[in-house]
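Following: one structure in structure tokens, then a few remarks.
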Amino acid sequence: MTKAYDRLSWLFLTKVLRKMGFSESSNKWTATWFFQTSRGVKQGDPLSPTLFILAAEALSRGLNSLHTNLYFCGFGLPKWSPKINHLTYADDTIISSSSDATSLRLIMEILQVYEIASGQLVNKGLPLHLSGIPIFYARRKIEHYQGLLTKVLDKLQSWKGKLLSIGGRAVLITNVLQSMPIHLLSAVNPPNYVINKLHKMLSQFFWSSSVGGTSRHWASWTNLCMPYEEGGIRFRSLHDVAKALFCKLWWIFRTNQAFGVPL
């Protein structure tokens, strides 16, 4: 949703609260008509997320009603599995469906009705991120991981590398910079050129105290990732970290029966 909290219609929210059985006294207490506005819930208020979730329940029920439509073809699952066509977290909703035109048209009709009733605007822009993880289709591109590269670059530029010793830069790389991609690597396997780009940025910061600086690199990044006994500094290779996290994810998928529905 685009500006989800700012666009929520008060009239729609009041009708949803009545439909769910809230008393009129609580509805009047929730909607204080002191300011002449007709939409939006206050961000930072402890009650606002609850009100937003109650309003978003209307969208969830509308999508669930598609299961009773004979013309809707959802994502293929076994008969004994629960019928799921969407997952919602906060103001993010992932809709799963087949690619036939009729099913897509029915989904768009539900979204358009929700937009008109609630005053909200569905964000149809791609690629999108869910909890910091890029969600995309087809070939992996560097644009999908640009957020991580920018985050690491901003962190490097905020430090005064020239005022740090080489040991201080090694501590920052080990404890801060190499921990930033862990969340992303635990869910997806980025292309090698993205990891090589990160290695290049870390190597430049270690040897020349700044990204893009010119300085002699006395050892390759592969040698720096070796143990102390073999002449390295025990940096972690993100290629090895990605492989380890991918193997862990595969082990959970193969051993945990509650991980998902068997297909």
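The values are calculated or read from the model by the stated rules, or taken from the named source; none is laboratory data. As the structure is a prediction and not an experimental result, all values here were calculated from the model. Because the Cβ atoms are built from the backbone with ideal geometry, glycine has one as well, and the counts that use them run over all protein chains shown.
Tabulated values for the structure
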{"item": "Matching residues in the range 163-178 - criterion: being of a type in the set (Gly, Ala, Ser) and within 15 Å of THR150 (Cα to Cα)", "result": "none"}
{"item": "Selected residue [surrounded by fewer than 19 Cβ atoms within 10 Å (Cβ to Cβ), modelled with pLDDT of 85 or more and touching a Leu at 6+ places or on another chain (Cβ under 7 Å)] from LYS151, LYS197", "result": "LYS197"}
{"item": "All helices (runs of 4 or more DSSP H) inside the range 148-248 with 3 or more residues being touching a residue at least 12 places away in the same chain (Cβ under 8 Å) and within 26 Å of PHE136 (Cα to Cα)", "result": "182-185, 192-208"}
{"item": "First in the range 45-59 and at pLDDT 70 or above, second anywhere and exposed (fewer than 15 other Cβ atoms within 10 Å of the Cβ) and assigned to a helix (DSSP H, G or I), Cβ under 9 Å, 6 or more apart", "result": "ALA58/LYS19"}
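Yes or no, residue by residue, for (1) within 25 Å of PHE253 (Cβ to Cβ); (2) aliphatic (A, V, I, L, M):
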{"site": "LYS160", "(1), (2)": "no, no"}
{"site": "GLY167", "(1), (2)": "no, no"}
{"site": "VAL176", "(1), (2)": "no, yes"}
{"site": "ALA187", "(1), (2)": "yes, yes"}
{"site": "ILE195", "(1), (2)": "yes, yes"}
